[in-house]
Amino acid sequence: MVFFLKKIFLVLSLCCFIPSQAFSGEWWLFASVGTGDCKSAVIDMTLRKAFDCIYENDMFFLYPLAEVSLHYWRHSSDADDFGGTLAGGGAAVFKRKGMWRPYLSATFGGSLLSDTRFDDKNFGMSFQFRSKAGAGIQFGENFRHSVQFDFAHFSNAGISDHNSGINTYCVSYGFRF
């Protein structure tokens, strides 16, 4: 567990050396709860960076994203497992008049898990890839709040002999600061 926490600290420390122009855009903090394979309860905390808009048309804005996530699973064997993910991706925020606006997001990145097994699932290794897709709405003053439903899949993409993978389904609340 200590080795795992040191790796997470290293990733977060490296984020401090990103050039200052990379900090323009929006910062979001998401708290997620949900369920997953192996009858697991899931809790995630995600720090998301939405960079400046790279494309805009009459229907939507397109933003590149970067995320650092911490994961907690409690599964059917009453075991606790932890993980961390560093991912990149994008979001399409749809234009509309009113107090709320819908969006779609997708990220892909690398994860480190505290164990290689969840019940009968064998991941083969602690390193996994995570792909995540979300759909949500932004609302409130200056669209500073968000509610999102997301699906995530963790697997090692076949780089190990064992590749059971695991899926999670969560609802998230996000706040832009």
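The values are calculated or read from the model by the stated rules, or taken from the named source; none is laboratory data. As the structure is a computational prediction, the values presented were derived from the model and not from experiment. FYI the Cβ positions are ideal-geometry reconstructions off the backbone, even for glycines, and counts take in every protein chain you see.
The C-beta contact set for segment 89-105 (first residue more than 12 Å from D58 (Cα to Cα), second residue outside any strand (DSSP E or B), distance under 8 angstrom, 6+ apart or interchain) comprises M99/G140; W100/F143; R101/K95; R101/F143; P102/R96.
Would you confirm whether or not segment 30-39 contains a residue that is at pLDDT 95 or above, over 20 Å from F149 (Cβ atoms) and part of a strand (DSSP E or B)?
No: segment 30-39 contains no residue that is at pLDDT 95 or above, over 20 Å from F149 (Cβ atoms) and part of a strand (DSSP E or B).
Looking at D150, is it over 14 Å from the mean Cα position of the chain (by Cα) and of a type in the set (D, E)? It is false that D150 is over 14 Å from the mean Cα position of the chain (by Cα) and of a type in the set (D, E). The residue that is farthest from R101 (Cα to Cα), counting only those in segment 49-81 that are surrounded by fewer than 15 Cβ atoms within 10 Å (Cβ to Cβ) and among the hydroxyl-bearing types (S, T, Y), is S77.
For the structure I just gave you, tell me whether F30 is under 25 Å from V93 (Cβ atoms) and free of Cβ contacts under 8 Å to residues at least 60 places away in the same chain. So F30 does not fit the description; no. The set of residues in segment 94-108 being more than 25 Å from I43 (Cα to Cα) and either of a type in the set (A, V, I, L, M, F, W, C) or in a strand (DSSP E or B) (or both) consists of F94, M99, W100, R101. If you go through segment 121-161 and keep only what is part of a loop (DSSP other than H, G, I, E, B), in contact with a strand residue (DSSP E or B) (Cβ under 7 Å, 6 or more places away or on another chain) and either surrounded by 14 or more Cβ atoms within 10 Å (Cβ to Cβ) or free of Cβ contacts under 8 Å to residues at least 12 places away in the same chain (or both), you end up with F123, S126, R144, N156.
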